[in-house]
Amino acid sequence: MMNLEEFAGAIRESREIVVFTGAGISTESGIPDFRSPGGIWSRYRPVSFQEFISSEESRVEAWKRRLETYAVDQNAKPNIGHYFVQSLNEKGKLIGLITQNVDGLHSQSGLPEDKIVELHGSNRTIRCLECSKSYDPVIIMERLTGNFSSPRCDDCGGILKSATISFGQAMPERAMRQAQEWTEQARIFIVMGSSLQVQPAASFPVIARHNGAVLAIINREPTMLDEYASFAHHGAIGEFCRRFNSMIADG
């Protein structure tokens, strides 16, 4: 396994890097991890896509959960981890960023949209499931007061839903295809803040390693792929990036 200096050297030399991020990068911006103890899924059960479509009660439950996290999501700002990825792109090293997160913080950091694949969609948009009309979340969330009903489309009356991927909903084909292409091109594949437990997203690091890429995993806790990795670091992403930035400054 590489040491830190060897990994920094590989980053300096490479212009074919793919970064894969999970909830752990966003928790350092104050966005809670739904799966962690005390997280929102310990208070609200996940609402499947099929339930959301078929049940008004389930839709209201899902919107109440969205309301609980809305203020935190709105106020969150990119952190040094997001800016680290953006700096790789500025240096011409980044093929693309694959993220499991729906918070849009990579975009806010200045990373171009064409360098981002959001595997689980985005909470920055609300969309009609019937006519596909898009809404700014601010407009819809302001309506959800008191004993509210689930919001409907102003144009066609269709069901509105955050543009995120729910349990039981098909993964976005275009995003999955782009992520696969980038993974196959990677010479270095960096995982940041993911436990690598959610499939099919967690298969991408395996594909990269099988193709001969350097696989780096930076996460607070050990993952199932650590022994398979070329480099692994356990700890806060921000602390790692502060130290690592100076090591690759000339790259």
For a quick check of your reading of the model, give me the residue pairs whose first member lies in segment 177-201 and is closer than 24 Å to Ala236 by Cβ, whose second is among the acidic types (Asp, Glu), with beta-carbon atoms closer than 9 Å and at least 6 apart or on different chains.
Ile188/Glu16; Gly193/Glu28; Ser195/Glu221
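So how many residues does segment 73-114 have that are of a type in the set (D, E, K, R) and touching a helix residue (DSSP H, G or I) at 6+ places or on another chain (Cβ under 6 Å)?
Final tally of qualifying residues: 1.
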What's the number of the condition Tyr70 fails, among (1) hydroxyl-bearing (Ser, Thr, Tyr); (2) at pLDDT below 95; (3) surrounded by fewer than 16 Cβ atoms within 10 Å (Cβ to Cβ)?
(3)
Which of (1) in contact with an Asp or Glu (Cβ under 6 Å, 6 or more places away or on another chain); (2) touching a residue at least 60 places away in the same chain (Cβ under 8 Å) is the odd one out, the single condition Gln50 does not satisfy?
(1)
Condition test on Leu144, is it over 28 Å from Met192 (Cβ atoms), buried (at least 16 other Cβ atoms within 10 Å of the Cβ) and touching a helix residue (DSSP H, G or I) at 6+ places or on another chain (Cβ under 8 Å)?
yes
Please verify whether Arg127 is free of Cβ contacts under 8 Å to residues at least 40 places away in the same chain, buried (at least 18 other Cβ atoms within 10 Å of the Cβ) and in contact with a strand residue (DSSP E or B) (Cβ under 9 Å, 6 or more places away or on another chain), treating the condition exactly as stated.
yes
Test Val117 against the criterion of being in a loop (DSSP other than H, G, I, E, B), of a type in the set (Val, Ile, Thr) and touching a residue at least 60 places away in the same chain (Cβ under 8 Å), and give yes or no.
no
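Within segment 84-110, can you find the residues that are without any contact (Cβ under 8 Å) to a residue 60 or more places away in the chain and part of a helix (DSSP H, G or I)?
Gln86, Asn89, Glu90, Ser107, Gln108
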Residue by residue through segment 45-67, note down the ones that are surrounded by 16 or more Cβ atoms within 10 Å (Cβ to Cβ) and either charged (D, E, K, R) or in contact with a strand residue (DSSP E or B) (Cβ under 6 Å, 6 or more places away or on another chain) (or both).
Glu51, Arg59, Glu61, Arg65, Arg66
Please work out which residue is modelled with the highest pLDDT, limiting yourself to segment 21-60 and to residues that are in contact with a helix residue (DSSP H, G or I) (Cβ under 6 Å, 6 or more places away or on another chain) and aromatic (Phe, Trp, Tyr).
Phe52
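Residue-by-condition table, conditions (1) of a type outside the set (Gly, Ala, Ser); (2) assigned to a helix (DSSP H, G or I); (3) within 24 Å of Gln178 (Cβ to Cβ); (4) modelled with pLDDT under 95:
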| position | (1), (2), (3), (4) |
| --- | --- |
| Val206 | yes, yes, yes, no |
| Glu221 | yes, no, no, yes |
| Met224 | yes, no, no, yes |
| Arg242 | yes, yes, no, yes |
In segment 202-251, residue surrounded by the fewest Cβ atoms within 10 Å (Cβ to Cβ) [restricted to those that are acidic (Asp, Glu) and free of Cβ contacts under 8 Å to residues at least 24 places away in the same chain]
Glu227
Please work out which one of (1) touching a Leu at 6+ places or on another chain (Cβ under 8 Å); (2) in a helix (DSSP H, G or I); (3) of a type in the set (Lys, Arg) is the condition Lys161 fails and give its number.
(2)
Condition first: in contact with a strand residue (DSSP E or B) (Cβ under 8 Å, 6 or more places away or on another chain) and within 23 Å of Pro137 (Cβ to Cβ). Now tell me which residues in segment 83-105 satisfy that.
Leu97, Thr99, Gln100, Asn101, Val102, Asp103, Gly104
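Condition first: of a type outside the set (S, T, N, Q), outside any strand (DSSP E or B) and buried (at least 17 other Cβ atoms within 10 Å of the Cβ). Now tell me which residues in segment 177-195 satisfy that.
Ala179, Trp182, Ala186, Arg187, Gly193
The values are calculated or read from the model by the stated rules, or taken from the named source; none is laboratory data. Only a predicted model underlies this, so the values are computations on that prediction, with no experimental measurement involved. Note: ideal-geometry Cβ built from the backbone for every residue, glycine included; neighbour counts use all protein chains shown.
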